[in-house]
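Just below is one structure, and these are the notes that go with it.
Read the figures in this text as sums done on the coordinates, not as results from a lab. Note that the structure is a prediction, hence the values are computed from the model and not measured. Here the Cβ positions follow ideal geometry from the backbone for every residue, glycine too, while neighbour counts run over all protein chains shown.
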Amino acid sequence: MSLDVRAVTESEFPDWLRARRIGFMQPPTVTEEEVAQRLPHVDLARTRGTFDGGRCVATFRSFAQELSVPGGARVGASAVTNVAVAPTHRRRGLLSRMMALDLAAAKERGDAVSTLIAAEYPIYGRYGYGPATWTTEWTVDVRRAGLDPRWSGPDDGGRVDLVEPRDVRAVGPALHDRLGAVRHGVVSRDRRAWDIATGAALLSGRPWQEPFYATYRSAAGELEGYVCYVTDDTWEDKQPLCGATVRDLIAVTPAAERALWHFVCSIDWVITVRSGYRAPDDLLPLLLPDPRAARITTHADLMWLRVLDVARALEARTYGGRGSLVLELVDPAGLAGGRFRLDASPEGASCVPTTASPDLTMDVAELGALYLGDESAVRLAALGRVEESRPGAAALADTLLRTPRRPWCPDVF
Ligand SMILES: CC(=O)SCCNC(=O)CCNC(=O)[C@H](O)C(C)(C)COP(=O)(O)OP(=O)(O)OC[C@H]1O[C@@H](n2cnc3c(N)ncnc32)[C@H](O)[C@@H]1OP(=O)(O)O
């Protein structure tokens with residue numbers, strides 16, 4: 001029987017959710033409550049399934065997203081999520097078929113890039129995605145960190161306050177938006193994500209532990225950051241050995257970042273702080289008098305990016321210097337390939353098709369890894385993944401494309 005790949009209808013949505021659960025190793029039964037919770041938040045035209053004899057056996061969904069790029073501008077992205085193929089139907093090309101349809105639609109719509117968080121590293125490179133942001137999680141041994149045990153608040157005149165979930169819903173979205181203006185790699189976070197993070201929308205079957213929330217305000221009273229964390233209540237031999245886990249820490253100034261980390265690492269009873277997924281160059285370890293107290297417990301690729309509109313994407317960002325490069329991009333999917341001349345500067349760039357000889361030749365997936373400034377063209381050339389036809393072109397690409405701070409995507413979507 002042929003396998004039918006198409007957008008799902010409302011009546012098929014429960015069966016689609018069932019297939020998604022199976023792919024994600026969750027018990028397959030879908031409740032009416034779960035359907036009611038999720039249905040209003042998906043665009044069915046962008047929710048694809050594969051059907052075998054009327055049963056959904058594979059899922060795929062995308063949604064509109066904005067991505068901040070170096071210089072603070074945002075580009076339109078098609079964010080891919082909920083990719084799952086039943087174990088009975090794996091390796092028959094179903095992901096490839098759903099991906100081809102979705103990328104073609106994104107290209108047609110005019111999205112500059114597509115983004116996703118990869119469950120496993122080897123899956124998405126073949127579709128033109130490259131790892132564009134990485135993430136690091138630290139576990140801080142607070143007793144070794146050397147922080148002053150008498151600390152009772154920021155010494156810069158600012159203040160830290162515990163706040164209610166409704167306060168976070170009120171101020172969080174604007175704060176997150178401001179982060180995108182000062183940090184590249186930040187993707188838009190919708191209202192629903194704030195509702196889920198603050199307990200206003202509970203997901204059926206997912207256990208909920210009410211977190212603590214704290215904000216940082218500068219001496220001038222300006223809100224500059226917030227942290228959401230949970231703690232456990234571990235004691236042994238009459239000693240508190242509690243752990244705090246940061247779920248979200250958004251700071252738009254270094255003062256806010258310093259104050260909030262200091263706050264979380266100074267809570268009485270807490271001897272271990274897990275940082276959650278941070279940028280690899282997060283300030284956290286160096287904010288501690290003894291940075292070795294912060295041990296890296298996770299370091300991995302996080303957001304993958306696929307360029308769909310080369311000129312739009314490259315013209316949206318700013319560059320670390322002034323220079324020109326001719327890039328030959330190879331794209332077997334036929335979406336973004338071609339030869340482009342990039343004239344880049346700290347103020348912006350022009351990127352146009354050209355027939356001049358290429359300085360650098362690469363698969364479009366390598367451009368995905370380079371685009372936000374994280375990867376090095378010199379490193380990719382050493383690996384044989386970027387071909388350098390003009391000596392020094394890879395080093396010039398690094399001068400232009402790489403950024404002083406690494407990109408950071410604080411959201412898993
Ligand atoms: C953005 C997100 O949602 S990430 C979540 C992804 N989902 C999961 O990890 C859930 C569990 N896994 C699955 O559901 C499936 O195995 C999927 C979705 C990863 C792959 O689906 P499939 O339909 O089997 O992939 P498909 O048959 O189209 O494979 C295409 C190619 O990718 C390769 N491939 C697919 N999955 C993997 C993998 N996990 N590791 C390595 N290679 C893979 C295939 O071998 C094939 O290679 P080929 O073109 O050289 O023959």
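Structure data summary
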{"item": "Net lengthening on full extension, residue 237/residue 44 (0.36 nm per residue, minus Cα-Cα)", "result": "63.9 nm"}
{"item": "Between the stretch 233-272 and the stretch 306-385, the Cα center-to-center distance that results, in Å", "result": "42"}
{"item": "Kirkwood-based shape ratio for the stretch 135-300, expressed as Rg/Rh from alpha carbons", "result": "0.95"}
{"item": "DSSP beta bridge pairing in the chain, given as percent antiparallel to the nearest 5", "result": "85"}
{"item": "HN-Hα J in Hz across the stretch 32-38 - Karplus 6.51, -1.76, 1.60, θ = phi - 60°, x for Gly and Pro", "result": "4, 4, 5, 4, 5, 6, 8"}
{"item": "Cα-based Rg and Dmax for the stretch 4-111, where Dmax is the largest Cα-Cα distance (Å)", "result": "14.8, 50"}
{"item": "Amide H contacts of residue 186 (H built 1.01 Å from N, under 5 Å, at least 5 apart or other chain)", "result": "68, 408"}
{"item": "In Hz, Karplus ³J(HN,Hα) per residue of the stretch 127-137 (6.51, -1.76, 1.60; θ = phi - 60°; x = Gly, Pro)", "result": "9, x, 8, x, x, 9, 9, 10, 9, 10, 10"}
{"item": "Cα convex hull volume per residue for the chain (Å³)", "result": "163"}
{"item": "Fewest-first sequence of 120, 33 by Cβ atoms within 10 Å of each Cβ", "result": "120, 33"}
{"item": "Cα convex hull volume per residue for the stretch 181-267 (Å³)", "result": "138"}
{"item": "Two-site FRET efficiency, residue 347 against residue 395, from Cβ-Cβ distance with R₀ of 25 Å, rounded to 0.05", "result": "0.70"}
{"item": "Packing rank of 142-149, 184-191, 267-274, where each peptide gets the mean count of other beta carbons within 10 Å, highest leading", "result": "184-191, 267-274, 142-149"}
{"item": "Cleavage-rule hits, chymotrypsin sites (Phe, Trp or Tyr not before Pro), the stretch 178-212, DSSP coil, Cβ neighbours within 10 Å at most 14", "result": "208"}
{"item": "For the chain: relative contact order, % (alpha-carbon pairs under 8 angstrom, 6 or more apart)", "result": "19"}
{"item": "Amide H contacts under 5 Å for residue 51, placed H, 5+ residues apart", "result": "4, 5, 6, 57"}
{"item": "Label zone at residue 286 (point 7 Å along Cα-to-Cβ), backbone N below 18 Å, the stretch 167-188", "result": "183-184"}
{"item": "Largest-first principal axis extents of the Cα set of the stretch 265-413 (Å)", "result": "65, 30, 29"}
{"item": "Karplus 3J(HN,Hα) series, Hz, for the stretch 91-103 with 6.51 cos²θ - 1.76 cosθ + 1.60 (x for Gly, Pro)", "result": "6, 10, x, 5, 4, 4, 5, 5, 5, 4, 5, 6, 5"}
{"item": "Peptide ranges 44-50, 87-93 listed from the most packed, as the mean C-beta count within 10 angstrom indicates", "result": "44-50, 87-93"}
{"item": "Distance between modelled label sites at residue 204 and residue 25, nm, 7 Å Cα→Cβ extension", "result": "2.4"}
{"item": "Alpha-carbon centroid distance for the pair the stretch 1-68 / the stretch 114-139, whole angstrom", "result": "22"}
